[in-house]
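Colleague: Just passing along the structure, written as structure tokens.
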Amino acid sequence: TLTVDRNGHVHAEATDGQGLRAALAAHQIDVSGATVTLIGAGGVSSDIAITLAQEGLVSDAMPEIQKCLELKPDYGMARAMRADLLDAKGDEKTALAEYKRALVDSPGEIWIRFGYVQLLIRRQLWNEADAQLKEAANVLNTESVDTTAEFHRLQQLVRENNVSVHDPAPGPPSR
């Protein structure tokens with residue numbers, strides 16, 4: 001829901017980044033260069049950053065993720081997203097450091113670890129990818145089938161490069 005009050009303030013409720021951008025465009029509201037206050041412990045900013053990144057607007061997504069991290073510096077998913085944005089801009093060293101910090105902030109968040117493994121695979125850092133998959137195996141027993149399937153997909157990528165990978169469960173995941 002998007003409304004504009006009589007003072008010209010825009011109010012949006014229960015929307016994600018894509019919904020907010022679409023609502024602003026539909027109302028022909030241009031917020032370029034304006035001060036925008038987002039309330040939601042960083043979640044709104046991360047949603048907007050995801051939408052911008054998916055649209056290929058990496059340089060526009062970075063300030064949104066920075067806002068998110070200013071509001072909640074230990075938000076591991078936002079830090080992982082920042083790592084992906086940095087990697088997309090070619091800053092591999094900082095991207096790797098950001099993923100490591102994201103894992104410290106949210107050690108049980110398996111999708112952060114998967115993102116880190118994907119970055120390691122792209123950089124052909126096979127031994128570290130293997131080590132991270134071993135860490136991932138420690139939390140897989142409580143995760144969904146989709147999560148386990150992603151683990152096996154990443155595990156296969158590492159195995160194809162002749163690295164021994166720990167297998168937490170025999171065979172493929174069952175549905």
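The values are calculated or read from the model by the stated rules, or taken from the named source; none is laboratory data. A quick note: this is a predicted structure, and the numbers were derived from the prediction, not measured. Here the Cβ positions follow ideal geometry from the backbone for every residue, glycine too, while neighbour counts run over all protein chains shown. These accessible areas exclude ligands, DNA and RNA; they are computed on the full protein's heavy atoms, side chains included. Shrake-Rupley method; radii C 1.70, N 1.55, O 1.52, S 1.80 Å.
Colleague: Applying a 10 Å radius around every beta-carbon, put 64-70, 112-118, 155-161, 126-132 in order of their mean neighbour count, most first.
Modeller: 112-118, 64-70, 126-132, 155-161
Colleague: Can you give the accessible area of Tyr75 in Å² (nearest 10), computed on protein heavy atoms with a 1.4 Å probe?
Modeller: 60 Å²
Colleague: Next question. Could you check the simple spin-label distance between Lys89 and Ile29, using points 7 Å along Cα→Cβ, in nm with one decimal?
Modeller: Between Lys89 and Ile29, the simple spin-label model gives 2.8 nm.
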